[in-house]
Amino acid sequence: MKKIGTVGGGFAGTWAAMSAAATRAQQNTRDIEITLISASESLCIRPRLYEEISEDMLAPLRPLTNEIEVDFSHARVEKFVNTTVHTSEGAFEFDNVILCAGSHMVMPDVAGASELGFSIDTYEEAKRLNTHVNSLNFGLDQQACLVVVGASFTGIELVAGLRKRLGNAARLILVDRSDEPGETLGTNVTPHVRNALRDLNIEIHANVGVDMVDQSGVVLTNGHRIETSTVVFATGLTASKLTRNITSSDLIEADGRVEVDVMLRVPGRPNIFAAGDVARAKTDPEHDTLMSCQHAMPMGVAAGRNAVLACLDLALRPYEQPFYATCLDLGDAGAVFTQGWDHKVEKIGSEGAEMKTEINTKWIYPPCPTIGRDRIFTMIAPKVN
């Protein structure tokens, strides 16, 4: 009996488990056991955490794994030794491992940031921010303004979402070291972002960072002080440190990811695959994967498929994902939907918002287990073939 272990219950890990189970069924074998190891009982729909927190942002994993006959281990992975995975619940020995341990936000090394700052990196942290925001007395308290640090995708969606949620009474400030918000999305998108933030009455502090955070405010690197009890950081991601357990440090990228081959195998470790935010792969000859569910899900599908094929000594199939799109939520200003690596704008305003709703409520959720195993496999099968 061959054994496959998937480490991580995020987008890459969940889709890897489904893909491995679908490939096992497709190959008509019962001689492969598949285990999903996750520190959480649920897949957190992390791209939605800029919204007001709700329980439907958590998709339970056990009903899904039960339906597709994948073992589920609710455990925290502590380290790897080759293909032996050591967890808080004991050690698991596998023939092939798929590392999908995800990423976490980088809290800047700034006085007071870790102790007093907020983030929306996890469901628990977003819930903590939600509780804090609900306690503020907007319009009466000078400290009831909110400062969001980081004007890339997450920071923009968060500050726009806060305006939609809180109305005009709240003072909202966006701080970033770049020239203008959304700069990484390119010149096709930045005018839409600029106009939306202006219309939403969000103050922009560009070309500046944070020097310190204290109980009553934040000091920027230009010396300007803002009185506030709420500083939310959206300052980029770094991959799980488990990548350092599976390969040498000189193969780890600056963002903590490991560069994998076209089959999503770790260099020098043919029995270890990596997918999602821990891995850097080529989507096409010119572009690398990004830390996003858009790439994590297809990477998980490819890794799960190949882990099974490797167990059966069958030819592996390369990962590729030439399609790329973005959809940036701008709150009451709608959304901007783009296609291609040049970020060609396809939809804006209410049309963009409709697309964002479709993505956030349907596309990024795993199949409901009640539809049955055969239908789940039918949904995954075109991506496995």
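The values are calculated or read from the model by the stated rules, or taken from the named source; none is laboratory data. Values in this document were obtained by computation on a predicted structure and should not be read as measured data. Here the Cβ positions follow ideal geometry from the backbone for every residue, glycine too, while neighbour counts run over all protein chains shown. When the accessible area is computed, the model is the full protein with side chains, heavy atoms only, and any ligands, DNA or RNA have been set aside. Shrake-Rupley method; radii C 1.70, N 1.55, O 1.52, S 1.80 Å.
Values computed for the structure shown
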item	result
Gain upon complete extension [residue 131, residue 222; 0.36 nm per residue less C-alpha separation]	29.7 nm
10 Å beta-carbon shell around residue 288, net charge (K/R +1, D/E -1)	-1
Ranking by accessible area, most exposed first, for 29, 131, 243 with a 1.4 Å probe	131, 29, 243
Accessible surface, 1.4 Å probe, highest first, among residues 374, 255, 71	374, 71, 255
For residue 15, solvent-accessible area (1.4 Å; no DNA, RNA or ligand), Å²	10
Separation of alpha-carbon centers, region 326-340 and region 279-315, rounded to whole Å	26
Within the chain, helix-based [θ] at 222 nm, where runs of 4 or more DSSP H residues each add -39,500 (n - 2.57), nearest 500	-8500 deg cm²/dmol
Spatially proximal aspartates and glutamates relative to residue 347 (Cα-Cα < 18 Å; intrachain offsets below 8 disregarded)	157, 329, 332, 358
Peptide ranges 60-68, 1-9 listed from the most packed, as the mean C-beta count within 10 angstrom indicates	1-9, 60-68
Among 260-269, 285-294, the order from most to least packed when residues are scored by Cβ within 10 Å on average	260-269, 285-294
Residue-normalised accessible area of the chain, expressed per residue, 1.4 Å probe, Å²	44
Point-charge dipole on Cβ atoms (K/R +1, D/E -1) for the chain, about Cα centre, debye to 20	700
Point-to-point label distance, residue 41-residue 375, nm (Cα→Cβ direction, 7 Å offset)	2.5
Summed side-chain charge close to residue 161 - residues other than residue 161 whose Cβ falls under 9 Å, Lys, Arg +1, Asp, Glu -1	-1
Inter-label distance, nm, simple model (7 Å from Cα along the C-beta direction), residue 259/residue 179	2.9
Bridge type composition, the chain - antiparallel percent by DSSP, nearest 5	50
Solvent-accessible ranking of 282, 241, largest area first, probe 1.4 Å	241, 282
Paramagnetic reach from residue 362 in region 272-312 [backbone N under 18 Å; point 7 Å along Cα→Cβ]	294
Neighbourhood net charge (14 Å Cβ-Cβ; Lys/Arg +1, Asp/Glu -1) for residue 220	-3
Apportionment of accessible area to carbon and sulfur, the chain, percent (1.4 Å)	48
In Å², nearest 10: area of residue 346 left accessible to a 1.4 Å probe	80
